[in-house]
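**Q** This is the structure I have questions about; it appears just below.
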Amino acid sequence: MAASVAKKRKYSDEYINYGFTSILADGIEKPQCVLCFKVLGNDSMRPSKLKHHLTTIHPQFTERYPDFFKRHELSLGKQRLSESGAFQQHNLSVLEASYEVSIEIAKKKKKAHTIGEL
Ligand SMILES: [Zn+2]
């Protein structure tokens, strides 16, 4: 912490292995957990910090493959979450429930479309 103007840390693709994607807040890239949507500070943009979050907050997901996190990253991107953390309390079951709802909506749309063609 010697320099007052700290060099900003950059997101690396490998951080998805720790369950983290990146979010741009006030022009600063920050790590965001794809499981609980928590946004950490830019100074936490390093493997040790991200791994610490994963192993302490989500110990049940430490053995997951990157594909698992990437799926969550995709669903996260669709929700356009803000840094306010309004959705932080949403857990995985909520995320999966909303995913099921979107499938239901898609089914209904398809059905409506079919009816419309008749
Ligand atoms: Zn988390």
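**Q** Search segment 48-69 for residues being open to solvent by 60 Å² or more (accessible area, probe 1.4 Å), out of contact with any strand residue (DSSP E or B) (no Cβ under 9 Å at 6 or more places or on another chain) and part of a helix (DSSP H, G or I), and hand back the single one that is farthest from the ligand (Cβ to nearest atom). Step through it out loud before you land on a result.
**A** Here is the first cut: in segment 48-69, the ones open to solvent by 60 Å² or more (accessible area, probe 1.4 Å) are 48-49, 51-52, 55-57, 59-60, 63-65, 67.
Retained after the next criterion (residues that are out of contact with any strand residue (DSSP E or B) (no Cβ under 9 Å at 6 or more places or on another chain)): 48, 51-52, 55-56, 59-60, 63-65, 67.
The next check asks that each one be part of a helix (DSSP H, G or I); those that pass are 48, 51-52, 55-56, 59-60, 67.
Values: Ser48: 15, Lys51: 12, His52: 11, Thr55: 11, Thr56: 9, Pro59: 11, Gln60: 11, Asp67: 18 Å.
Applying the filter and picking the extreme gives Asp67.
**Q** Okay, next question. I'd like the full set of residues that are open to solvent by 30 Å² or more (accessible area, probe 1.4 Å), of a type outside the set (Asp, Glu) and more than 13 Å from the ligand (Cβ to nearest atom), limited to segment 4-26.
**A** We begin by selecting, within segment 4-26, every residue open to solvent by 30 Å² or more (accessible area, probe 1.4 Å); these are 4-14, 17-18, 22, 24, 26.
Keeping just the survivors that are of a type outside the set (Asp, Glu) gives 4-12, 17-18, 22, 24.
Correct list: Ser4, Val5, Ala6, Lys7, Lys8, Arg9, Lys10, Tyr11, Ser12, Asn17, Ser22, Leu24.
**Q** Turning to a different aspect of this structure: Looking for something surrounded by 14 or more Cβ atoms within 10 Å (Cβ to Cβ), at pLDDT below 95 and closer than 27 Å to Lys7 by Cβ - is there at least one such residue anywhere in segment 81-90? Outline the logic, then answer.
**A** Let us first name the residues in segment 81-90 that are surrounded by 14 or more Cβ atoms within 10 Å (Cβ to Cβ), namely 81, 87, 90.
Add one more test, that the residue is at pLDDT below 95, and what stays is 81, 87, 90.
Filter once more, so that each one left must be closer than 27 Å to Lys7 by Cβ: 81.
Yes, that holds for at least one residue.
**Q** If you don't mind, another one. Just for segment 27-47: of the residues that are in contact (Cβ under 8 Å) with a residue 24 or more places away in the chain and away from the ligand (no atom under 12 Å from the Cβ), which one is least open to solvent (accessible area, probe 1.4 Å)?
**A** Step by step, filter segment 27-47, then rank; the result is Met45.
**Q** Going through segment 29-47 one residue at a time, which ones are of a type in the set (Asp, Glu) and touching a strand residue (DSSP E or B) at 6+ places or on another chain (Cβ under 6 Å)?
**A** Of the residues in segment 29-47, the ones of a type in the set (Asp, Glu) are 29, 43.
Within segment 29-47, Glu29 is the sole residue that qualifies.
The values are calculated or read from the model by the stated rules, or taken from the named source; none is laboratory data. This structure is a prediction, so every number in the text was calculated from the model and none was measured. Every residue, glycine as well, gets a Cβ built from its backbone with ideal geometry; the counts of neighbours run over all protein chains shown. All accessible areas refer to the heavy atoms of the entire protein, side chains included, with ligands and DNA or RNA removed. Shrake-Rupley method; radii C 1.70, N 1.55, O 1.52, S 1.80 Å.
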